[in-house]
Amino acid sequence: VVKKPVKGAKESGGKGFVKGLGKGLLGLFGRPASGVADLTSSSFKLIKRVAAHEEIIHRVRNPRHVGKDGIVRPSVAHETLGSFIFDQFPDDKHHTTEVYIAHINAIKEPSTLFFATTKRILFLIENKSSSFGYDIEWDYHLKEIKGTPTVKFDPNFIEITLKETNVLGMTKKESLHIKVVPYENIGEARYIVDKIIEIMKALEI
């Protein structure tokens, strides 16, 4: 509406301004109408494909949320699934007042998951014969982590340095070992590492 009259005025003076205004108004009302026509056309095409039994591609993976900070976060459905799996842990695998924080997919085949809770980090591997579908391959209390986990590239893995303890539960001096957790998506890897660091700071570990 604004650009057309100005362009017309530059080219043909006052008459051009009036002519340009007319074109602008036609565009203003014409474009929404064409948009509706495009939407209707797309809808009819979809119905036609369904009627013809054509294969329609659907989203397989849940959408991810990108925050203002640019960090890719798992969808709400992903977190809901994590909470559900955590709730299925056998009673002897739960710590008192332990709460699910986050999880990521580590490897597709076999399916493995890396969990973070308010007390521990856990690595789960799929076991269809298990009561809740997974076995806990290993788990460590957050107090056993030295420093903070770091995200590595090529190969892609999260590196976690752990303190060695003796039979009395006391940390051995200068005795450490490394745990490596592979990841599929760097955004998810950074997300869960940030969550682990947050909870460690909150607990003053």
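None of the figures in this text is laboratory data; all of them are computed from the coordinates on show. Just so it is clear, the structure is predicted and the values come from calculations on it, not from any experiment. So basically every Cβ, Gly included, is an ideal-geometry build from the backbone, and we count neighbours across all protein chains shown.
For segment 81-193, the strands (runs of 3 or more DSSP E) that sit wholly inside it and include 2 or more residues that are more than 16 Å from Ile205 (Cβ to Cβ) and among the aromatic types (Phe, Trp, Tyr) are 112-117, 134-141. Residues in segment 123-138 that are acidic (Asp, Glu) and without any contact (Cβ under 8 Å) to a residue 24 or more places away in the chain: Glu126, Asp135. The set of residues in segment 102-137 that are within 19 Å of the chain's Cα centre (by Cα) and surrounded by fewer than 16 Cβ atoms within 10 Å (Cβ to Cβ) comprises Ile107, Lys108, Ser111.
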